[in-house]
Amino acid sequence: MFNLANKITLLRILMVPLVILLLYFEGPVTCMLAALAFIFASITDWVDGYIARRGNMVTNMGKFLDPLADKVLICSVLIMFVKLDWASAWVVILMVCRELVVTGLRAMAIDKNIALAADKFGKAKTVMQMLAVIPLMLHYPIFGATLWPVGEYLLYLALILALISGVNYCYDFYRLAYRKSRTED
């Protein structure tokens, strides 16, 4: 149940309070440390998946925990950005609502024995969010370079991808659930 891949996923969840705490005590050093901790946590997303597939350790627990860990990490940081006034509340609200809708659809799909796979837009959204968060965390100039505007631009791209993938999930769920109900009649 708690194999190596799942333990790495749990580590990602346990990194969230550290990242948030570092951002709470906002400053050039703490933001740099928060960015490093976030990068480490983001890398574990790839590592746990690689280990699970390579070592034949894919479990239902991992299928549940991995996307949950991603959502907890990203949503927590984005909400903290609103508190720090580093991200627009409306952008974060739309992203968090999209995550809740997709999670709900996945739960309903499981209940109906429907496989609702992640699409390319959802995967690209996750990558874009992670890429946006890093320069947003590095909110203070580094060697004279201001990086947060790059993060803000990437966050808007992530929002577009989030909305597209959210619509795709809704469409796929409706299409698959409708097809399933038609075959059961």
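Just a few scattered comments:
- Most tightly packed first, judged by the mean number of other beta-carbon atoms within 10 Å of their residues, the peptides 96-107, 167-178, 6-17 read 6-17, 96-107, 167-178.
- Lysines whose Cα lies under 28 Å from that of Lys120, excluding same-chain neighbours fewer than 8 positions away: Lys7, Lys63, Lys71, Lys112, Lys180
- Taking amide H as placed 1.01 Å from N in the peptide plane, the amide H of Ile142 sits under 5 Å from that of Leu147, each at least 5 places away or on another chain.
- Using a cutoff of 8 angstrom between alpha carbon atoms and counting only pairs six or more residues apart, the relative contact order for the chain works out to 23 percent.
- Lys/Arg +1, Asp/Glu -1 at C-beta; the range 4-184 dipole; positive extreme among Met128, Ile164, Val16: Ile164
- Listed residues Asp45, Asp111, Asp119, most fluctuating in the chain (Gaussian network, C-alpha, under 10 Å): Asp111
- Chymotrypsin sites (Phe, Trp or Tyr not before Pro) restricted to the range 1-57 and DSSP loop, no more than 15 other C-beta within 10 Å: Phe2, Phe25
- Calculated P(r) tail over 21 Å for the range 46-140, as whole % of Cα pairs: 41 percent
- Fewest-first sequence of Ile134, Ile160 by Cβ atoms within 10 Å of each Cβ: Ile160, Ile134
- Taking the three principal axes of the alpha carbon atoms in the chain, the coordinate ranges are 65, 36, 22 Å, sorted in descending order.
Each reported figure results from applying straightforward, stated rules to the coordinates on display, with no laboratory input. None of the values given here were measured: they were computed from a predicted structure. Here the Cβ is made from the backbone with ideal geometry for all residues, glycine too, and neighbour counts use every protein chain on show.
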